[in-house]
Amino acid sequence: MKKILMLLAATMVLSGAATQVQATTYTAVSTGDFSSPSTFSPSGTPGSADTVVVSNGVTLTVSDTRTITVLTVGKSGGSGATLTISSAGSLTVTGTYGFAGTSPAINNNGTFSCGGGALFSTGAFNNNGTATFSGNPQAFNGTIAVTQGANATLNFPGPDSTPFGGSSTLSATASGNTVSYGGGNNMFGTTYYNLSVSGTSPSVHAGTTVNGTLTIALSSGQQVNSAANITFGSGANIVRTLGALSGTPTFGGPINVTYNGTAAMTTGSELPTGSSALHNLTITSTAGVTLNANATVNGAFSATYNGSKVPLAAGSKTLAFSSSPVNITVSGSALASGNAYTMVSSSGTTISGSLGTVTVTGAGAPYTSPTASTSTGQLILTIPTCTSTTAAPSITAPIPAGATSISGTSVNGASIGVFDLTSSIQIGTATADGSGAWTAAVAAATGGDSIAATAQTAGSCTSPASTAVTVESNTSNTNEALIFLPVANTNINAGTYLTITNVAYVTNGTAGGGGGGGGGGSSTPTSLGSWQNNTGDGWIDWGDLLSITNSSNTGIYTFASGVVSGYPQSLEITDSGNHQNLAIKLENIPGGMAAFLTNNQLSFTFSVPSSASAGVSAGFSQVYQLAINASGYGFNGQPFSNFTETGTTNNNQSGQPNFYFSSGTPAQSQVVTVNYSNILSSITATPTTGYIELIFSFNNGGGAPAYYYMNNVVLSHN
């Protein structure tokens, strides 16, 4: 009996062992795609537990989403091994990677992620997409030459203390590229375009130059150590959210400084003290900034007034405006005509210089002839009292669902503001012509929303709101029309009728309503994602290329009801940190490429919850990038200069959608419109051939909620 039990136990052990996943080493022996079994020896497709080796003289291409454990590019004694990740490809290496042989290379045009770091080896890592190294071992070790392409992103979010080991090098001067260090990393001494630092006390090596933007988003009280090793090129930008520089950098020319945090800050060595080194000074911090040294603004001064705090307190220091007129822009929903606002004030303050054009934006703007004064040691913004009130304008009804323009009448030359009362945001502006007619371009109108407009003429107060017009609902994509047809030998008035469904409205020659699928010969507003029906609408996760409703993406994409004003349901995305995730392949959507090619604007609603509902009191959420990947055009992030936004935009930076959180921050939302007309000539895709893909990158950090909302992605024509 004892022998029988032992035999049974042994059988069970062997049976269990047979079911375990066995790791295999696959060698790419011929040039080809990762998805082709014939590329490898043994023949097959490597999986997440496997090792991949690229033979000398072979180019292995990753064009979809793959995960492996170990990667080696090249073999000893040979040369020319190459791994290429296409713009649509994504490769995750959970363990280590390395090079062997002569001249091996990894060319990343899509997404490369490594959790284990590099073996000590020699090779080239050419990054033209997004690369993330999150493990403890060094990202680059030995003699690895790293080159950043234009608009590429290289992330070091993990605790690796020295990402560049051995004799590895970094070239990061290409326009628009960003290198991001987190977790207390030592920053490699080289010339950067954009440099972002977060985490705790990162150290800077000698020879570090920033020509684009340095973003400082450290933990509270932390500093960038050895800041004296940093040189800023002429025209560079310093954006300080939290944390500071510990030493005095070198300024190679006039730079721009922005303070945009949610906690009170005191200026430090990031603010030049020379009379010509500071160009633009921008204060969007919700808690205020204290000037700790004398400063001279030579370009423009911009500030956000939050209704209770002045944005800049000068103390006993001097805030000087250069001898050339310095333009001033002030924004804030609390501003109103007939009031004066102290923008810089403190005992002993000295303010001098020449003030130029003063512009005020916000609720009720534009204002007539606002002024700024430096009398009594203060910078005072004054908005004159208007002498009369402009009559309320009118809005032309009906407004069909999906309409991208709203029209009406007012008085000659009036400035018009169009508002969505349902979501409490401004959605468009216009100027009335000589006859009083006006037309405002807006994002595709949502059925059931209430729309109103205001008007303002020079010297007058903003008008009362117009009579609101409700956007006609078209939730079922079915409209009915009664068509009367004459019957033989009868008068037409005695005709019979047919009911015809799915009739599209037409306004100014452009179809609206009726929904879906654009055509090849018109510029019909086309909804790419409303997510009102608990389906994915064709959207995928860029990491795994699976539908957002696929079980693999459970917990990342959900449908939330009643969380964004004006939308019964929203797509909730749960994903902290910086990620490329939400995407759509228009070649897989009937009529999708045709709609993109016959329009030139993409709009969407980006929203976040209130601090109270999310249980947070700090942090930020932002659209980090919108990339368009298309035949002939390649994979390219769209410049924020092509972005326009309406809604809660007070923390946006140079067109980039941003939200910040502090205790008591309400729910925030903005409609973002991207004009892509300038790239259409570069796209070789046709309505039926090629590919066009849209990829959103979001960034959540600093204690922000791990989730945000998307609504109403629409293609339209301006």
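If you take the residues in the stretch 366-401 that are aliphatic (A, V, I, L, M) and not in a strand (DSSP E or B), which one is farthest from residue 429 (Cα to Cα)?
Applying the filter and picking the extreme gives 383.
Only one residue in 93, 53, 73 is in contact with a Ser or Thr (Cβ under 6 Å, 6 or more places away or on another chain) and at pLDDT 95 or above. Which one? Spell out the reasoning first.
Details: 93 fails: in contact with a Ser or Thr (Cβ under 6 Å, 6 or more places away or on another chain); 73 fails: in contact with a Ser or Thr (Cβ under 6 Å, 6 or more places away or on another chain).
None of the others qualify; the one that does is 53.
How many residues does the stretch 543-600 contain that are under 30 Å from residue 684 (Cα atoms), within 23 Å of the chain's Cα centre (by Cα) and β-branched (Val, Ile, Thr)?
2
Using the structure shown, decide if residue 537 is of a type in the set (Asp, Glu) and either farther than 17 Å from residue 714 by Cα or buried (at least 23 other Cβ atoms within 10 Å of the Cβ) (or both).
So residue 537 fails the test.
Quick one: count up the residues across the stretch 155-187 that are part of a loop (DSSP other than H, G, I, E, B), under 18 Å from residue 236 (Cβ atoms) and open to solvent by 10 Å² or more (accessible area, probe 1.4 Å). Let's see the steps before the verdict.
The first filter runs over the stretch 155-187 and keeps only residues part of a loop (DSSP other than H, G, I, E, B), leaving 157-163, 165-168, 173-177, 182-185.
With under 18 Å from residue 236 (Cβ atoms) added as a condition, the list becomes 173-177.
Filter once more, keeping what is open to solvent by 10 Å² or more (accessible area, probe 1.4 Å): 173-176.
Total meeting the criteria: 4.
Taking the conditions exactly as written (within 15 Å of the chain's Cα centre (by Cα), farther than 30 Å from residue 405 by Cβ and among the small types (Gly, Ala, Ser)), does residue 664 satisfy them or not? So that I can check it myself, show each step before the final result.
Working: within 15 Å of the chain's Cα centre (by Cα): no; farther than 30 Å from residue 405 by Cβ: yes; among the small types (Gly, Ala, Ser): yes.
No.
In this structure, does residue 374 turn out to be open to solvent by 50 Å² or more (accessible area, probe 1.4 Å) and either modelled with pLDDT under 85 or in contact with a Phe, Trp or Tyr (Cβ under 8 Å, 6 or more places away or on another chain) (or both)?
Values: open to solvent by 50 Å² or more (accessible area, probe 1.4 Å): no; either modelled with pLDDT under 85 or in contact with a Phe, Trp or Tyr (Cβ under 8 Å, 6 or more places away or on another chain) (or both): yes.
Taking the combined requirement at face value, the residue does not satisfy it.
Kindly evaluate residue 669 against the criterion of being in a strand (DSSP E or B), more than 17 Å from residue 599 (Cα to Cα), under 16 Å from the mean Cα position of the chain (by Cα) and of a type in the set (Gly, Ala, Ser). Show your work before the answer.
Values: in a strand (DSSP E or B): yes; more than 17 Å from residue 599 (Cα to Cα): yes; under 16 Å from the mean Cα position of the chain (by Cα): yes; of a type in the set (Gly, Ala, Ser): yes.
For residue 669, the condition - in a strand (DSSP E or B), more than 17 Å from residue 599 (Cα to Cα), under 16 Å from the mean Cα position of the chain (by Cα) and of a type in the set (Gly, Ala, Ser) - is met.
So residue 261 clears everything in (1) under 20 Å from residue 319 (Cβ atoms); (2) modelled with pLDDT of 85 or more; (3) touching a strand residue (DSSP E or B) at 6+ places or on another chain (Cβ under 7 Å); (4) of a type in the set (Gly, Ala, Ser) except one condition, right? Which one?
(2)
Counting residues that are touching a residue at least 12 places away in the same chain (Cβ under 8 Å) and surrounded by fewer than 18 Cβ atoms within 10 Å (Cβ to Cβ), which strands (runs of 3 or more DSSP E) fully inside the stretch 205-257 reach at least 1? Spell out the reasoning first.
Details: elements: 208-210, 213-218, 230-232, 237-242.
Ranges flagged: 230-232.
Here is a yes/no grid of residues against (1) over 30 Å from residue 336 (Cβ atoms); (2) under 29 Å from the mean Cα position of the chain (by Cα); (3) not in a loop (DSSP other than H, G, I, E, B):
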site	(1), (2), (3)
263	no, yes, no
270	yes, yes, no
274	yes, no, no
280	no, yes, yes
287	no, yes, no
292	yes, no, no
296	yes, no, yes
302	no, yes, yes
308	no, no, no
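Please go through the stretch 626-655 and give me each residue that is open to solvent by less than 30 Å² (accessible area, probe 1.4 Å), over 24 Å from residue 421 (Cα atoms) and outside any loop (DSSP other than H, G, I, E, B), ordered by number.
Of everything in the stretch 626-655, those that are open to solvent by less than 30 Å² (accessible area, probe 1.4 Å), over 24 Å from residue 421 (Cα atoms) and outside any loop (DSSP other than H, G, I, E, B) turn out to be 626, 627, 628, 629, 630, 634, 637.
Restricting the search to the stretch 273-292, which residues are farther than 15 Å from residue 303 by Cα and surrounded by 22 or more Cβ atoms within 10 Å (Cβ to Cβ)?
Residue satisfying the conditions is 278 alone.
From 697, 677, which residue is closer than 23 Å to residue 567 by Cα, of a type in the set (S, T, N, Q) and either out of contact with any Leu (no Cβ under 9 Å at 6 or more places or on another chain) or surrounded by fewer than 22 Cβ atoms within 10 Å (Cβ to Cβ) (or both)?
Testing whether each residue is closer than 23 Å to residue 567 by Cα, of a type in the set (S, T, N, Q) and either out of contact with any Leu (no Cβ under 9 Å at 6 or more places or on another chain) or surrounded by fewer than 22 Cβ atoms within 10 Å (Cβ to Cβ) (or both) leaves just 697.
Scan the stretch 1-34 residue by residue and report those that are of a type outside the set (A, V, I, L, M), at pLDDT 95 or above and either in a loop (DSSP other than H, G, I, E, B) or open to solvent by less than 70 Å² (accessible area, probe 1.4 Å) (or both).
24, 26, 27, 30, 31, 32, 33, 34
Just one of the numbered conditions (1) among the hydrophobic types (A, V, I, L, M, F, W, C); (2) modelled with pLDDT of 80 or more; (3) touching a Cys at 6+ places or on another chain (Cβ under 8 Å) is not true of residue 351; which one?
(3)
Being part of a loop (DSSP other than H, G, I, E, B) and surrounded by 20 or more Cβ atoms within 10 Å (Cβ to Cβ) is the filter here, so list the residues in the stretch 76-93 that pass it.
Selection gives 81, 87, 88, 89.
Can you confirm whether residue 405 is polar (S, T, N, Q), open to solvent by 30 Å² or more (accessible area, probe 1.4 Å) and without any contact (Cβ under 8 Å) to a residue 24 or more places away in the chain?
no
Spot the failing condition for residue 684; the list is (1) at pLDDT below 90; (2) among the polar types (S, T, N, Q); (3) within 26 Å of residue 543 (Cα to Cα); (4) assigned to a loop (DSSP other than H, G, I, E, B), and only one is missed.
Status for residue 684: all satisfied but (1).
Do we have any residue at all in the stretch 94-112 that's β-branched (Val, Ile, Thr), over 34 Å from the mean Cα position of the chain (by Cα), open to solvent by 20 Å² or more (accessible area, probe 1.4 Å) and farther than 28 Å from residue 583 by Cα?
Within the stretch 94-112, the subset β-branched (Val, Ile, Thr) is 94, 96, 102, 106, 111.
Pick out the ones that are also over 34 Å from the mean Cα position of the chain (by Cα) and you get 102.
Imposing the further condition that a residue be open to solvent by 20 Å² or more (accessible area, probe 1.4 Å) reduces the set to 102.
Checking the rest, the ones that are also farther than 28 Å from residue 583 by Cα come to 102.
Checking the stretch 94-112: at least one residue is β-branched (Val, Ile, Thr), over 34 Å from the mean Cα position of the chain (by Cα), open to solvent by 20 Å² or more (accessible area, probe 1.4 Å) and farther than 28 Å from residue 583 by Cα.
Output the residues belonging to the stretch 546-588 that are in contact (Cβ under 8 Å) with a residue 60 or more places away in the chain, of a type in the set (S, T, N, Q), within 24 Å of residue 92 (Cβ to Cβ) and assigned to a strand (DSSP E or B).
Once the filter is applied, which keeps residues that are in contact (Cβ under 8 Å) with a residue 60 or more places away in the chain, of a type in the set (S, T, N, Q), within 24 Å of residue 92 (Cβ to Cβ) and assigned to a strand (DSSP E or B), the stretch 546-588 yields 574, 578, 580, 581.
Among the residues of the stretch 594-605 satisfying the criterion of being open to solvent by less than 10 Å² (accessible area, probe 1.4 Å) and either assigned to a strand (DSSP E or B) or of a type in the set (A, V, I, L, M, F, W, C) (or both), which is farthest from residue 427 (Cα to Cα)?
594
If I ask for residues that are over 21 Å from residue 377 (Cβ atoms), in contact (Cβ under 8 Å) with a residue 40 or more places away in the chain and outside any strand (DSSP E or B), which ones from the stretch 316-358 would you list?
Listed by number, the residues that qualify are 332, 333, 335, 336, 337, 338.
With respect to residue 661, determine if the residue is open to solvent by less than 10 Å² (accessible area, probe 1.4 Å), hydrophobic (A, V, I, L, M, F, W, C) and modelled with pLDDT under 90. Full working, then the answer.
On the way: open to solvent by less than 10 Å² (accessible area, probe 1.4 Å): yes; hydrophobic (A, V, I, L, M, F, W, C): yes; modelled with pLDDT under 90: yes.
Taking the combined requirement at face value, the residue satisfies it.
The values are calculated or read from the model by the stated rules, or taken from the named source; none is laboratory data. Computed from a prediction, not measured in an experiment: that's the story for all the values here. Ideal geometry is used to build each Cβ from the backbone, glycine not excepted, and the neighbour counts take in all protein chains shown. Surface accessibility is based on the protein's heavy atoms, side chains included, excluding ligands, DNA and RNA. Shrake-Rupley method; radii C 1.70, N 1.55, O 1.52, S 1.80 Å.
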